[in-house]
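The values are calculated or read from the model by the stated rules, or taken from the named source; none is laboratory data. This is a predicted model, so every value here is computed, not measured. Neighbour counts run over all protein chains shown; Cβ positions are idealised from the backbone, glycine included.
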Amino acid sequence: MPRAGLSRDEVVRIALRLVDEGGPTGFDDLTLARVATAAGVAAPSLYKHIDSLAALRREVALVCTREFADACTAATIGRSEADALRSLAVAMRDFARARPARYAAVQIGPDPDDPAQAELRSEAARVVGVTAAVLAGFGLPETRAIDAVRAARSALHGFVSIELAGGFRLPEDLDRSFDTLVELLVEGFRGLAAPGGR
């Protein structure tokens, strides 16, 4: 019999707690055995509530991506152009630094052909949609929209990922470096939107 009070939602909540407690590698280190131990049940008992580790990781990624999409949306409401991009960048970095393992979960690309990942695809699309809406404020040609979204996400994710990994060892102020990156993006998108911009 399943443990009294244990449910699919509770299994996901336990998994999220373990992910948070695991630091930056918490999502990668998630296992059914660890969840079962934390839940006080034998690992096979989890299969009454969750189909597999892949299914559990998908549920965790869904929660994390929804939170991330909410944070990005809230940061950009009522803002436009450079102001919106700066706010989006700060929101992304703040989320990643506050919850590094949940940020790692957000990076899992949903399978476009898997019906079980429809909700995750929808939340991931919200993140892309917020980014696209922010960059549309620069007046970019429609043909460059995807290029711009990829450039912004790559640059911001690259900085955040290196920061989380402790890769910036020089003594110069990291906030200033991050602000510099964002200003480079702002000027780059303005240039791309200008007549004759590439």
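Out of the range 53-63, which residues are of a type in the set (Gly, Ala, Ser) and in contact (Cβ under 8 Å) with a residue 12 or more places away in the chain? Ala55, Ala61 - these are the residues of the range 53-63 that are of a type in the set (Gly, Ala, Ser) and in contact (Cβ under 8 Å) with a residue 12 or more places away in the chain. Of all residues in the range 37-58, those satisfying the criterion of being more than 25 Å from Val106 (Cβ to Cβ) and surrounded by 14 or more Cβ atoms within 10 Å (Cβ to Cβ) are Thr37, Val41, Ala43, Ser45, Lys48.
Between Arg13, Arg17, the distinction of being out of contact with any helix residue (DSSP H, G or I) (no Cβ under 8 Å at 6 or more places or on another chain) and surrounded by fewer than 17 Cβ atoms within 10 Å (Cβ to Cβ) belongs to Arg13 only.
Residue count for the range 60-106, restricted to those that are among the charged types (D, E, K, R) and crowded, with 19+ Cβ neighbours inside 10 Å: 4.
Screening Thr143 with (1) surrounded by 17 or more Cβ atoms within 10 Å (Cβ to Cβ); (2) modelled with pLDDT under 95; (3) polar (S, T, N, Q) gives one miss only, at (1). Note on the range 180-196: among residues that are modelled with pLDDT under 90 and exposed (fewer than 15 other Cβ atoms within 10 Å of the Cβ), the one that is nearest to the chain's Cα centre (by Cα) is Ala194. Checking each residue in the range 117-149 for being within 22 Å of Ala55 (Cα to Cα), without any contact (Cβ under 8 Å) to a residue 12 or more places away in the chain and among the polar types (S, T, N, Q) picks out only Ser122. Quick one: would you say Pro24 is under 23 Å from Ala96 (Cβ atoms), assigned to a helix (DSSP H, G or I) and not hydrophobic (A, V, I, L, M, F, W, C)? So Pro24 passes the test.
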